[in-house]
Amino acid sequence: MTQRLLFIFLLLLATSCQFFETEKVTSEKIFKEEIEAIDWKEVDRYPSFSNCENTLEKPEQKDCFINTISTHLYKSISHEDIVAVREVYDTVRVNFEVSSSGQLYILEIKMDTLLKKEFPGLENWIIQSIDSLQPVAPAYKRGIPVKTRFTLPVVIQTN
């Protein structure tokens, strides 16, 4: 009986070691898992202007950033002498980018050809207005400054 018990004990001892082995996790596997977990379409902190620096919540950061650009753009355009022959109600789409160094660049301005004919200087006014704005800080993702792109709809309406 003792031999049988000793045999069972040795058998259990030999097979139980596999339960104590740990799986080796390589740094590449950890890196891949981390990369897959990151949402690349979202940032941790949006670009900001000086009036938005104290905004803590992400939705408020984005709203402050967009509102600052919109307000500045509308003020700049309203100072121009705009005369329309017909009534206008149209939307211009301004695609722009804030670089990782905090520089603001216009990528594209999409507007209807009739709007271009009605206001030939509108595109230049938008470019000048946005060029005169400079964010204080770029967007951040995990503490690293990143490039972000936005599309700003600008509604053009005559009185």
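Packing-based ranking of 143-156, 59-72 yields 59-72, 143-156, ordered from highest to lowest mean Cβ neighbour count within 10 Å. For a straight C-alpha distance cut-off of 28 angstrom, the lysines reachable from K116 (same-chain residues fewer than eight places away being disregarded) are K75. Residues W40, W125 in ascending order of nearby Cβ atoms (within 10 Å, fewest first): W40, W125. Here is the result for segment 106-145: no GluC sites (Glu not before Pro) lie in DSSP coil with at most 15 other C-beta atoms within 10 angstrom of their C-beta.
Applying 1/(1 + (r/R0)^6) with R0 = 30 Å to the Cβ-Cβ distance of D63 and N124, what FRET efficiency is obtained, to the nearest 0.05? Show your work: numbers first, answer last.
Values: r = 28 Å, r/R0 = 0.93.
After rounding to 0.05, the efficiency reads 0.60.
Rounded to the nearest 500, the helix-only mean residue ellipticity at 222 nm of the chain stands at -12500 deg cm²/dmol, with each DSSP H run of n ≥ 4 adding -39,500 (n - 2.57).
Given in Å, the Rg to one decimal and the Dmax to the nearest whole number for the Cα atoms of the chain are 29.5, 110.
Read-outs: derived from the displayed coordinates by stated rules, not from any lab. Computed from a predicted model, the values in this text were never measured in an experiment. Positions of Cβ are generated from backbone atoms using ideal geometry, with glycine treated the same way; all protein chains shown enter the neighbour counts.
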